[in-house]
1. Given a 1.4 Å probe and the protein chains all in place, what does the accessible area of Asp104 round to, in Å² to the nearest 10?
2. Can you list the HN-Hα couplings for region 141-155, worked out from phi with the Karplus curve (6.51, -1.76, 1.60; θ = phi - 60°), rounded to whole Hz and with x for Gly and Pro?
3. At 0.36 nm per residue, and after removing the present C-alpha to C-alpha distance, how many nm does the segment from Thr179 to Arg40 gain when stretched out fully?
4. Could you please report the charge total around Ala123, scoring K, R as +1 and D, E as -1 over all other residues with beta-carbon less than 12 angstrom from its beta-carbon?
5. Write out the chymotrypsin sites (Phe, Trp or Tyr not before Pro) in region 156-185 meeting two conditions: DSSP loop, and at most 15 other Cβ atoms within 10 Å of their Cβ.
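The values are calculated or read from the model by the stated rules, or taken from the named source; none is laboratory data. Everything numeric in this text was worked out from a predicted model, so none of it was measured. A quick note on method: Cβ atoms are made from the backbone with ideal geometry, for glycine too, and the neighbour counts reach across all protein chains shown. Surface areas here come from the heavy atoms of the whole protein model, side chains and all, with no ligands, DNA or RNA. Shrake-Rupley method; radii C 1.70, N 1.55, O 1.52, S 1.80 Å.
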Amino acid sequence: MRSKIGRFLAVVAMALPAAIAVPGVAGAAADRSGFTAQARAAGLSVSQAAGLQAEVDAYLANLAGRGRQVSPNQIDMNGAMLTVTVPGEMHPRQFESSVPVPCDTRSGVDYGYFCAYQKEWGAGAQIAMYNCANYPIPWQTVGSWINNQTTGTRPVLYFSTTPPRPPWTMPPAYAVQLTGVDWTPVGSITNC
């Protein structure tokens with residue numbers, strides 16, 4: 001009797017880690033394949049969809065748990081939305097009409113948002129910050145920003161440099177800097 005119980009427990013002990021780990025991995029892969037399928041349905045080639053997912057995956061890794069993918073090119077940062085461009089394109093696409101892109105410089109930045117752009121002139125990936133919080137900046141490029149929050153709202157930049165630099169309070173809304181924003185030393189922004 002004891003040997004049967006011992007063998008049963010040994011089998012359970014060996015199977016338990018796999019049973020716990022596999023659903024998470026399979027679920028993550030299934031989620032990514034669903035976003036890739038949405039990108040393909042929107043007209044992206046196989047290589048474009050794979051490239052976009054690779055970009056999103058890189059941002060998710062950089063954010064280290066501070067975001068989750070909600071569409072083929074968007075990461076919810078709990079009060080802000082990071083929207084990623086399809087590789088080779090200048091501006092992010094809107095894959096789902098129900099998921100807004102409030103920092104699209106081609107149609108105008110929505111009122112109430114602070115927008116950080118990976119590249120100059122409002123191009124590249126973008127973070128649309130609405131809820132008052134501190135958000136990481138996941139790129140080290142020369143980019144741009146637009147502050148279209150309520151009048152007088154002043155975001156604060158926090159630097160990740162050594163030696164530490166004091167935070168910098170940005171100009172109040174409405175303010176814009178479309179060129180020359182060095183994001184390299186910036187660790188995060190509190191948008192309000």
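1. Looks like 30 Å² after rounding.
2. Calculated HN-Hα couplings, in order: 9, 9, x, 7, 8, 9, 10, 10, 7, 4, 3, x, 5, 10, x Hz.
3. Extra length available between Thr179 and Arg40 comes to 46.7 nm.
4. -1
5. Numbers: sites: Tyr158, Phe159, Trp168, Tyr174, Trp183; in loops: Tyr174, Trp183.
Those that pass, being in a loop and sparsely packed, are Tyr174.
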